[in-house]
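Report on one structure; see the data block that follows.
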C-alpha cells in the first residue's frame, strides 16, 4: 500500500504518520518526490486499511498495490482450475452448456425441458427450487419438492444438475440433491452463505453481483476458497448500468479479465444478462468468442406456444439452433463443445 | 399493466395474445391507436408478469401502471409511520441522531464513544457486532460478545442501540439485545432475512442496496411489512456510480422521493454514503435540509489521535460541532432535534 | 403517449387535463381501469412532451409508446442501410476492419502503420488529426497537417481513410480529405455538429456517447439523417459504469439491439471500449460473433518495442494474428471478411 | 506517476522500461518492496501517459499521484475565486439565486417570468436562446431573437442574465448579449468551445457532464482558465445512474468536494438534477446546506395553470416560497442570500 502525502504536508504530520504505522505493526518507507512525498507501507496490509489511513492528517490518497485476493488469483495458482462434475470438466478446452427453466414449476414442465435440452446437446440441467424474487408477492419456488423433481430429471436424462441456494441453513439440504451449488447475484456478498458453501463438498458456481466490481467478485470467491472448497467457477450475468433497453448490461470484457486475473473457470449467463430473449443467442456466441468456459441459458418450454413465439423466444427449437451455432463459434476460437 | 403491440402486428398475434391472457386469468382491453394498439391487462398483475408478456409474439413493450408495492406505499397508508424506540419517535417532527463506531472493538472504545456521543446530543448508539467485510481476511466483528458490550453501553448511557444482523439464524439472538435491528445494504435483497426480521418484534432499519432502485427498495420493505412488522424505517446510504472520488454517491433526492412514495421514515447515512470524513458534515446537513427524519453517523474515537486528526476526521469534537449545525438546519426547515 | 393518472385523482383534474391536451392540439382517449385511469394522447407527440405532461396535477406517470426516432428505425426502413466507401460495402454480408494509430503523429509512424495494417488485411485506415483530449496540456493533434499525412497514406496504400471532426467549422475541411467522417463519443450530442455532418456529402460514423442510452444514440443519428445524409453507420465504444478494471464497459448487447431497432450498420471499437490492450482481441471476436458489421482497432506501431511488448499489446504482429481470428469467427456466424 | 510492476517481472523488463522512460524524458526511481517493485516517474507527466505506460511489458498498474489539473486546484490558488457580475459577487459569503424559464419562448412569457422571479428575490435571470434537444424534432430555441428578448428583460428588471452557448461560432454573438456564458452539460467536453469561452471576456458557468467525474470536470475548467478567463464557476446538475425515478441523480457530495479540491464557486441546478418539480425545493435546500454558492432554478410561468398545478410544480408562488426557505437555510449554515 502506498500513501501519497498532501502537497505541502508538515514534518509533524509525516512523523506522526510513521509513528502510527509502527504502532500498527507496519514499516513505512519514505520517498520524497519533486511534487509529492510517497510512503510505502510494508507488512501484511488488508483492504480496509485504506479507509483508516485515508483519514489521517497530511494524507492525500492511499493506493493499494497488492491485490487483496490471493487464493483466487492467477499469481497464486498459474494453472487453470478444472471443476469436475461426473465425466464433465469445466475450465478445460471444452465449452459446457447449462440449460433449463428459470424455476422448477411442475414435473411435466421440468422433464419435458430436461429431455429437450439433453437432446439438443446441453451438458447440465438448471432449474430453481428456491427463487429470489424482488417482490414478496411473486412465486418463490417449490423448495425441497423442486429439488426432488430435479433429482428425478437427473435420473431420467443422466444430466447433472445445478440449482441455487439462498441461505446458509439450506446448504446441507441443497447439497444433498444438487451436483453444483449456485450462489446467485443477490447473494454474492452474503458472506455467511459464502462460508457455508465453502464448507460444502460440492462444486460451486458464484454469480457476479449486479454492482460488484471484478475485484469484489474475486474477494467473494476468496471466501469460498478460504474454507477449503476449490471446486469453484464464476458466472458473469450482467451488471447494472444506466441503459434501460436491456435488463442488465452483460459485461463481456469480464470474461477475458477473469481469465487473466484468476485461474477459476468463467461461465456466461446471457439470459439474465440481457433480459430479452432475442439478445440471448448473439450474447451467448459473443461470450464463447471472448473465451467463456461455458454458458447458462434459460429455455422456455411453453410447448403450446413454441410454434408461434417466433425467433425472439428461446423455445426448444431455437435452443437447438443456438447449440449448433455455439459449436461453430467454439471451433473458430480453438475450442469445442463438451 | 399495458401491453404495447408492435407496429404492424398481425390479427393472429392479437387474438393469440388475448387468448393467452384469458388462460392466465386476466382480461385484456384492446385500444387501437393511430400508430399502435395497446392492450390493458386487467386483474391482479405482478412484477414478473412483465417478463412473461414481453416474450410473446407481436409485443413491443409492457408497461406496469400499478406500483408493485402496496403496504409500503403512501397510497395504501397516507399518514406517516412513526417508529417508537423507548421515548423516541422516529418519523415525526423531530430529527434523530444515531452515532457510534463502525464496529464494536473493545469495551473501552465503545463506552468512551457512547458517553461522548450521548454528551454531544446523539439519541441512539450504533455499533456493529456482526460486520460484513468485502474480504475474508478482514475483521468480521465480535459477534455475541459485541452485543453484550452494546448492552453494557446502553445500561451506562441510557441510549437505545441499533446493530446489524447478517443472517436469518441470528435474528433471534440480535433481537434479544438490540432496540433496532439493522439490515445492511448488502442484504437488502436477502429475502429470507427480510422474512425473518419481518417476524421479529423489534423495529427494523432497512438500508438501501448499493445498486437498488427506489422501487426495489420499497419492495424489500414490503417483505418485512408483509410479515407483520410495521415498525420499519429506511436508510439511504449512497449508491454505486461511476464517480470514484467518493466511495458511493449519496442520493439525497431519494429522501424526498421516499417521503412522497411511502409513509416510512427515512434516515440518511452520510458516513457510508461518502466514505470521506470531510464530506460527512455537509452531507448530513444536506440530508436534514432535504427532509430526512434522522442521521446515522460514524464517530471515530481514536482518543490518542483526536487532537491531531484535524477537521477532516469525525472525532468527538467534530461530532459535537456537527450536532449543533444539525440543530440549526433542522430548525430552518421547521423541525427540531429529538 | 399514455398518461397514467394518480390513484384517486379528481374529476376536475381529469377534465382540466383533457382541456389542456385539446389546447395543445392533441386528443385524449380516457380508459378507466379498476385501479387507474389511463389517457391515450393522440397526435404528433414528441419526447419533451413527457416532461410537460408529468408536471400536471393528477398525473402519476407518462409513458411514451411510439419511438421518438423515425428515419433511423427499422420500422421506417426494414432493409439494411449499406454504406459505400469506394469498392467497400459496410452493412452487408462482409465484416470490415478499420485499423490504424489513435493519433497521426509523424509521417513515418503513419505510413509504417498504414502499410502494416493493409498487409494484415485491414480495409480502412484510421488516424486522428483533431484529437479530443481530457486535459488542455495533452497532445491535441496535428490538424490539417495530419489530414495531409492521411491523404498521403491513402495514396500509398489505397486504403480509404476515416478521421474525426470535432467542431462544425471543420466539417468542410475534414470532408475534403477524408472518406468517412467520424463523430466522436464526446460529440454525440453536439447537435450543431450533427447538423453539419448531416449536410456533408461523405459517409459518417457516429460513436455512442459514454453515457448515452441506445435511444439517445438513435436520436442523434436522426439529426444526421434528417439533414439528408443517409450514408451513416454507428459505433459502439463502451459505456461508463462503476467498473474500474476496464476504462469503459463495452456494451456488446448494443450490437444486436441496434440491429433489431435500426437499419444502420454497427461497428465495434474494442480499443476504446476496454482501454486494455489484452482485452482488445477477445472483445473484437465477441463483437463479430454478436453480429457487428465491422471493427475499429488501434494498432500501436512502436516498431522498436514490438518484439518485447508480448501478447498484451496490439503490435503489428498481434494485429495480424487477430485479423486471422476475426476471419474464422466471421465464417462461424455465416459472414466473411471484406 | 507510479508504475507498479507485475509480481515476478523480469530484470530485462525492468531495464527496458527504465530505458524507455529515459528516452521519453523522464527519470525512474526504483523502489523494491517485498511483494512488488514500484517505479516513481519523475518529470512533467500528463494524464495520457498512464495509457502509454500501462501497455508496457512487466507493468501491472500505473497510478497518477499528482492531480492533472493545476489552475483550477486549491493547491494552486488557496483563496476562493469570486466572480463579479455587476454588483453581485458569486463565491463569497452570499448565496445567489438564478431563475427563469428553461427556454425563451415569447416576450410575454419571458417578461412575466423575469418580473416574478425578481419580485421573489432572484438575483440573475436565466433563459435558453439556443437549446440542446435530444431529438431533432423538438424546439431548438429562438436564437438571436431569444437573446434580444433576454436583453429586453434585463433592461426592464435590472437582472443580469445567463444563457447557453452551444458552438464556438456563437461565442462572440452570445457574449455581446449575456452577462454570464453558460456551457451546458452536453458540451462539457466540447474542447474547442471551452477554448473559445476561455478567450471571451465574460464570466462563464461550466455545467458538469452527465457522466463526468469530478476530475474530468476540473480538467474542462482548466481549458477555460488556461485561455486566460478566470471568471469561472461550476454547476452541478446531476449525473447519470441506474436510478430511473429521477431524471438524473443530483450529486450533492460534489459540492463540498469541489470546495475542497478547487477555488471555483459552485452552483447547483436541482431542476435538471432531479427532473421532477416536487424534488426541486428539497434538493435546492440540500445544496445550500452542503455549501453551494448559488442555485439555478427553472420557473414555469403557465400563469393560467398556476393555480391548478398544485404543489409539485414550481410556479411563481412556489418559487417565492422556496426563496424564503433558501434564505432560512443559508442563515442556518452561516451565510445569507445575495
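The values are calculated or read from the model by the stated rules, or taken from the named source; none is laboratory data. All of these numbers come straight from a predicted model, not from anything done at the bench. FYI the Cβ positions are ideal-geometry reconstructions off the backbone, even for glycines, and counts take in every protein chain you see.
A few points about this structure:
- Residue selected from the stretch B:157-173 under the condition in contact (Cβ under 8 Å) with a residue 40 or more places away in the chain and assigned to a helix (DSSP H, G or I), by the criterion farthest from residue A:187 (Cα to Cα): B:157
- Matching residues in the stretch C:186-197 - criterion: being more than 9 Å from every other protein chain (Cβ to nearest Cβ) and more than 23 Å from residue C:238 (Cβ to Cβ): C:196
- Filter result (in a strand (DSSP E or B) and either more than 14 Å from chain A (Cβ to nearest Cβ) or without any contact (Cβ under 8 Å) to a residue 40 or more places away in the chain (or both)) within the stretch D:64-86: D:83, D:84, D:85
- Only one of B:76, B:130, B:139 that is closer than 27 Å to residue A:168 by Cβ and either out of contact with any strand residue (DSSP E or B) (no Cβ under 7 Å at 6 or more places or on another chain) or buried (at least 17 other Cβ atoms within 10 Å of the Cβ) (or both): B:130
- Every residue from the stretch A:25-40 that is touching a residue at least 24 places away in the same chain (Cβ under 8 Å) and either in a helix (DSSP H, G or I) or more than 9 Å from chain D (Cβ to nearest Cβ) (or both): A:28, A:37, A:39
- Residue count for the stretch C:196-222 satisfying the condition of being within 23 Å of residue C:177 (Cα to Cα) and in contact with a helix residue (DSSP H, G or I) (Cβ under 9 Å, 6 or more places away or on another chain): 11.
- Residue among A:154, A:176 that alone is in a helix (DSSP H, G or I) and touching a strand residue (DSSP E or B) at 6+ places or on another chain (Cβ under 7 Å): A:154
- Complete set of residues in the stretch A:1-18 that are out of contact with any strand residue (DSSP E or B) (no Cβ under 9 Å at 6 or more places or on another chain), at negative phi and either within 13 Å of chain D (Cβ to nearest Cβ) or not in a loop (DSSP other than H, G, I, E, B) (or both): A:11, A:12, A:15, A:16
- Within the stretch A:307-319, restricting attention to residues that are more than 9 Å from every other protein chain (Cβ to nearest Cβ) and buried (at least 17 other Cβ atoms within 10 Å of the Cβ), the residue that is modelled with the lowest pLDDT is A:315.
- Only one of D:49, D:71, D:56 that is surrounded by 15 or more Cβ atoms within 10 Å (Cβ to Cβ) and over 23 Å from residue A:60 (Cα atoms): D:56
- The set of residues in the stretch D:234-267 that are within 18 Å of residue B:256 (Cβ to Cβ) and more than 8 Å from chain B (Cβ to nearest Cβ) comprises D:236, D:237, D:238, D:247, D:248.
- Residues in the stretch B:87-108 that are at pLDDT below 95 and assigned to a strand (DSSP E or B): B:100, B:103.
- When the residues of the stretch A:8-18 are filtered to those that are touching a residue at least 24 places away in the same chain (Cβ under 8 Å) and surrounded by 15 or more Cβ atoms within 10 Å (Cβ to Cβ), the one that is nearest to residue A:41 (Cα to Cα) is A:17.
- Output for the stretch B:233-248, where each listed residue is free of Cβ contacts under 8 Å to residues at least 24 places away in the same chain and touching a strand residue (DSSP E or B) at 6+ places or on another chain (Cβ under 8 Å): B:241, B:242, B:243
- Selection status of residue D:111, touching a residue at least 40 places away in the same chain (Cβ under 8 Å), out of contact with any strand residue (DSSP E or B) (no Cβ under 8 Å at 6 or more places or on another chain) and part of a loop (DSSP other than H, G, I, E, B): no
- Looking across the stretch A:268-280, just one residue is surrounded by fewer than 24 Cβ atoms within 10 Å (Cβ to Cβ) and either more than 8 Å from every other protein chain (Cβ to nearest Cβ) or closer than 17 Å to residue A:216 by Cα (or both), and that is A:272.
- Taken over the stretch C:198-233, residues that are part of a helix (DSSP H, G or I), facing chain D (nearest Cβ under 9 Å) and farther than 23 Å from residue C:124 by Cβ amount to 6.
- Scanning the stretch C:41-63 for residues that are under 31 Å from the mean Cα position of the chain (by Cα) and within 11 Å of chain D (Cβ to nearest Cβ) yields C:44, C:45, C:46, C:47, C:48, C:49, C:50, C:51, C:52, C:54, C:61.
- Every residue from the stretch A:19-28 that is in contact with a strand residue (DSSP E or B) (Cβ under 8 Å, 6 or more places away or on another chain) and exposed (fewer than 15 other Cβ atoms within 10 Å of the Cβ): A:22, A:27
- If you filter the stretch D:281-299 down to residues that are part of a loop (DSSP other than H, G, I, E, B) and facing another protein chain (nearest Cβ under 7 Å), you find that the one that is surrounded by the fewest Cβ atoms within 10 Å (Cβ to Cβ) is D:291.
- Residue that is farthest from residue C:132 (Cα to Cα), among those in the stretch C:150-173 that are away from every other protein chain (no Cβ under 13 Å), crowded, with 22+ Cβ neighbours inside 10 Å and touching a helix residue (DSSP H, G or I) at 6+ places or on another chain (Cβ under 8 Å): C:159
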